[in-house]
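> Here you go, one structure.
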Amino acid sequence: MSRLAIMVPAAAVGLAVCAPDLFAHTGQPIGPDDFWGAWTFEPAVVVLLLASAGLYASGVRSLWEVSDTGSGVQRWRVAAFAAGWVALLIALVSPLHALGSALFSAHMTQHEILISIAAPLLVLGRPVVPFLWAFPKDYRRALGNLARAPGVHGVWSFLTTPSVAFGLHATSLWVWHLPGAYQTSLRSDVVHSLQHATFFSTALLFWWTILGASRGELARGRAVLYLFLTALQTGALGALLTFAPSLWYPAYATTTSSWGLSPLDDQQLGGLIMWIPGSIAYLIAALALVAQWLRESERRSLRRWSLTAAALPHRSD
């Protein structure tokens with residue numbers, strides 16, 4: 001039996017034991033003097049981070065042992081997954097997490113790291129195959145059969161329809177930033193954790209759908225369209241926050257002064273973070289897809305030209 005066959009159940013038991021701590025959150029808003037000591041080692045988050053890293057590393061090693069190094073999963077994809085994992089660490093464990101209780105702009109930065117940095121990098125790492133290869137062959141076969149079951153396959157096909165993934169991602173962003181929902185998340189640790197889970201899961205689904213687009217021009221074109229629409233609606237929400245004449249979230253009314261910001265300044269900064277840096281990831285991905293699309297079109301044109309030239313009769317001297 002592989003070590004992962006023991007590790008995964010152990011991680012599940014550890015998660016069950018630590019589950020009550022999943023919703024733990026910093027009690028009092030931190031000040032500048034407390035920042036560097038405000039690391040948040042929530043046991044369940046740490047268990048999940050370590051388990052995901054262990055599964056991925058073990059699966060990659062298994063793949064590379066049975067094939068040429070890099071052919072089972074390319075090195076750049078491993079680097080992308082590692083970078084996404086580090087981004088998760090920064091968002092959920094570093095002092096940035098605790099700072100979100102004092103500054104809306106810090107909370108917004110945390111959200112953007114989860115949605116626009118960690119999620120696409122993890123998806124680029126193609127984690128499903130390494131995760132499967134972390135298990136013994138019998139487990140892999142059973143999991144593969146489960147994934148191919150009509151019910152599971154049908155639900156997954158529906159959720160990964162581009163319009164559905166886009167709608168879920170956009171809905172989660174707008175609903176959770178409504179004043180009532182956002183205020184509730186700041187008062188309740190359970191709701192706050194649900195907010196983060198919703199942001200991250202819908203972002204993973206969206207990026208999985210976009211970055212997994214087929215090579216067809218129509219599919220690639222739709223992916224670019226949904227990336228543009230997402231950047232547009234994210235920017236619109238950021239602009240509303242930036243130019244709002246009043247404070248949307250009264251919970252930050254008394255927590256920003258020690259950081260040299262008024263509550264409205266803090267809200268405007270958070271809006272700018274969503275509006276400009278938050279949209280860049282979508283635009284970069286769209287430009288990358290367009291560039292790939294153009295390269296493939298150029299290769300097809302050159303291939304057609306070569307075939308046409310080869311078919312033409314050659315004049316003999």
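Laboratory data are not the source of any read-out in this text; all were calculated from the coordinates shown. Bear in mind the structure is a predicted one, so any value in this text is a computation, not a measurement. We place every Cβ from the backbone using ideal geometry, glycine too, and count neighbours over all the protein chains shown.
> Working out 0.36 nm times the residue gap between H153 and R187, then minus their Cα-Cα distance, what length gain in nm do you get to one decimal?
8.5 nm
> Next question. Can you grab the distance from the C-alpha centre of region 267-295 to the C-alpha centre of region 73-121, Å, no decimals?
Between the Cα centres of region 267-295 and region 73-121 lies a distance of 16 Å.
> Hey, another quick one. Using Cα-Cα distances under 8 Å and only pairs 6 or more residues apart, what relative contact order does region 143-302 have, in percent?
Relative contact order comes out at 23 percent.
> Provide the packing ranking of 229-241, 98-110, i.e. peptides ordered by the mean count of other C-beta atoms within 10 Å per residue, highest first.
Packing proxy ranking, top to bottom: 98-110, 229-241.
> Translational diffusion coefficient, Stokes-Einstein: compute it for region 32-183 using the Kirkwood radius over C-alpha pairs as Rh, at 25 °C and 0.890 mPa s, and state it as an integer in µm² s⁻¹.
Using the Kirkwood radius from Cα pairs, D works out to 138 µm²/s.
> Next question, about the same structure. Which whole-number percentage describes the relative contact order of region 189-277, with Cα contacts under 8 Å and a sequence gap of 6 or more?
Relative CO of region 189-277 lands at 27 percent.
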